[in-house]
Amino acid sequence: MKKFILFMMIIPISFINAQKIGELAPEKPPEEFPGNSWGVDIMFHESGFGLGTFYRFALTEDLRGFIDFSISESKDDQEVEYIDYWGRTYTAGKLNRVFFLPLFTGVQYRIFENVITDNLRPYINIAAGPTMVVTTPYELEFFNSFGKARAKFAVGGYFGFGANFGLSKTNLVGVNLRYYFVHMFDEGVENLRNKFRNDIGSFYLTINLGIMY
């Protein structure tokens, strides 16, 4: 009987000790990624695609400041491309090609840091700044038309959300969905003849490729 009582006393003590050992096991610390990064943006939108570059820098653990520059073409929603007898494409009534060259500054804030694993790091971002709007005559060949280019300045910005992927501390890979908007202070730009646009918005899907340091 004494042996049985002793055995019953040892079991709870062993269980408590085992539980304490389990509780003392340290959790894996969160991954720390470099605060600065530089790279390129590959941009897709309704009017085609664009290219850009960015530089990001740490403000706090979860907040990044950034500067980005890009170039992309903007088309009117009513533009319709046709193919002629010889296989060449053209847009009826088109007067100008229009390009946006924004230089934006903004902030990027990481969200759900303690909810989602570190190999998926979602964030929200917002940016604003000056935008150069360049028009070239549609009647001229694409590259030759830049000899007749005209430029004007506007203001613009974007807001969006995205995520960076992977656990690499040197290579940056991410995707960002943004809504761009541009406002011009005059009558605007004329993609189609006699149809001016001065408030322009568009969604962009942007792939980010770069390095962190």
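Every read-out reported here was derived from the displayed coordinates using simple, explicitly stated rules and does not represent laboratory data. Bear in mind the structure is a predicted one, so any value in this text is a computation, not a measurement. Please note: Cβ atoms are built from the backbone with ideal geometry, for glycine as well, and neighbour counts cover all protein chains shown.
Rg of the Cα atoms in the chain, relative to 2.2 N^0.38 Å, amounts to 1.63.
Between amide H atoms placed 1.01 Å from N, distances below 5 Å from Leu59 occur with Arg64, Gly65, all of them 5 or more places distant or on a separate chain. I'd like the distance separating the alpha-carbon centroids of the range 69-89 and the range 99-165, in whole Å. Between the Cα centre of the range 69-89 and that of the range 99-165, the gap is 21 Å.
Between helix 2-24 and the chain there is an angle of about 20 degrees, using the helix long axis and the longest principal axis of the Cα atoms. Using the Cβ-Cβ distance between Val175 and Leu59 with R0 set to 22 Å, the FRET efficiency from 1/(1 + (r/R0)^6) comes to roughly 0.50. Computed from label points 7 Å out along Cα-Cβ, the spacing between Phe44 and Phe142 is 1.8 nm. Rounded to whole numbers, the Karplus 3J(HN,Hα) couplings from phi for the range 126-136 are 8, 8, 7, x, x, 9, 8, 10, 10, 10, 10 Hz, using 6.51 cos²θ - 1.76 cosθ + 1.60 with θ = phi - 60°, and x at Gly and Pro. Summed over qualifying helices (DSSP H, 4 residues or more, each -39500 (n - 2.57)) and divided by its residue number, the chain shows a 222 nm mean residue ellipticity of -4000 deg cm²/dmol.
With a Cα cut-off of under 17 Å and a minimum spacing of 8 residues unless on different chains, the lysine pairs in the chain number 5. If R0 equals 30 Å, the separation of the Cβ atoms of Tyr90 and Phe196 corresponds to a calculated FRET efficiency of about 0.90.
Compute the FRET efficiency between Val107 and Phe69 as 1/(1 + (r/R0)^6), taking r as their Cβ-Cβ distance and R0 = 25 Å, and round to the nearest 0.05. For R0 = 25 Å, the calculated efficiency reads 0.90. Taking θ as phi - 60° and the Karplus parameters 6.51, -1.76 and 1.60, the scalar couplings of the range 66-74 work out to 8, 10, 9, 9, 8, 9, 7, 8, 10 Hz in sequence order, x denoting glycine and proline.
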